[in-house]
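One structure is given here, and the rest of the page talks about it.
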Amino acid sequence: KDWYKRLETHLREKFPDQYLWVDTSKSIREFTNWQVLAERDQNLDLKIIYLVRDVRGWVWSDVGVRKRKNRRQRSLGISMIFWYIQQLRFRMALRASRLQSYTVSYESLVFEQQQEMANIFRFLDMKQKDVMGVMKPDLANGFMHDVTGNRMKSELKSFTPLKYDFAWTQNAQIKWWFTVLLPIRRYMQDLYKACNFIKDIEEYNLAKDRKK
């Protein structure tokens, strides 16, 4: 926590004109540290973007990551339960913190990118500008500084279109576990409703294939 306070002081001194800092960390530990700091410093306006991926897509991705990094594979069912527990922990931490938060479905970010990004910009009170008919964040003045986590691209020309891996829709085991683990399926459905995103991913994929 003291490290975060020193970091904040350093940033204010080095970047006095930059009011938006970004921490792309994924663990509750970093979130908790910022939360404590925000409670001490009333001038620190902390906002949380809770980005969550469909459990089926996450499990499929986890299989690939473990294979690529030579990690021990685990049951798809166990992976889904792990995902579920992690999401519950994050949601509980957010509710307990009483901080401003905005839930984003990764699927809505991919399939409804323009609308979702506009919602995120409004939540962060970021200025936007029209770029060839698409509203994008105005980063020209450098009001953003990446504090920790993955490096954030600040040039509009470097933005990469998001793509979605539909491969999991062809995996019978993932579908079976998702059907059997009813609490997880209900949680996922509630999450989509909270994000105002209720597309059926498999139906979307079929419709996309029919258009080809």
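At-a-glance table
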| item | result |
| --- | --- |
| Any hit, the stretch 8-20, residues being at pLDDT 80 or above, open to solvent by 30 Å² or more (accessible area, probe 1.4 Å) and part of a helix (DSSP H, G or I) | no |
| Set 66, 74, 95: member being surrounded by fewer than 17 Cβ atoms within 10 Å (Cβ to Cβ) and outside any helix (DSSP H, G or I) | 74 |
| Residue that is surrounded by the fewest Cβ atoms within 10 Å (Cβ to Cβ), among those in the stretch 171-191 that are out of contact with any helix residue (DSSP H, G or I) (no Cβ under 9 Å at 6 or more places or on another chain) and more than 16 Å from residue 105 (Cβ to Cβ) | 172 |
| Qualifying positions in the stretch 37-63 - under 18 Å from residue 94 (Cβ atoms), open to solvent by 30 Å² or more (accessible area, probe 1.4 Å) and assigned to a helix (DSSP H, G or I) | 39 |
| Selection status of residue 79, touching an Asp or Glu at 6+ places or on another chain (Cβ under 6 Å) and either at pLDDT 90 or above or under 20 Å from residue 192 (Cα atoms) (or both) | yes |
| Scope the stretch 77-87; condition open to solvent by 40 Å² or more (accessible area, probe 1.4 Å), in contact (Cβ under 8 Å) with a residue 40 or more places away in the chain and within 18 Å of the chain's Cα centre (by Cα); matching residues | 84 |
| The stretch 98-109: number of residues that are assigned to a helix (DSSP H, G or I) and surrounded by fewer than 17 Cβ atoms within 10 Å (Cβ to Cβ) | 0 |
| Residue match in the stretch 59-74 (condition: at pLDDT below 90, of a type in the set (Val, Ile, Thr) and in contact with a Phe, Trp or Tyr (Cβ under 9 Å, 6 or more places away or on another chain)) | no |
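Let's see how each residue does on (1) in contact with a strand residue (DSSP E or B) (Cβ under 7 Å, 6 or more places away or on another chain); (2) modelled with pLDDT under 55; (3) of a type in the set (Asp, Glu):
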site	(1), (2), (3)
84	no, no, no
90	yes, no, no
144	yes, yes, no
151	no, yes, no
156	yes, yes, no
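The values are calculated or read from the model by the stated rules, or taken from the named source; none is laboratory data. Remember, predicted model here, so these are calculated numbers, not experimental data. We place every Cβ from the backbone using ideal geometry, glycine too, and count neighbours over all the protein chains shown. When the accessible area is computed, the model is the full protein with side chains, heavy atoms only, and any ligands, DNA or RNA have been set aside. Shrake-Rupley method; radii C 1.70, N 1.55, O 1.52, S 1.80 Å.
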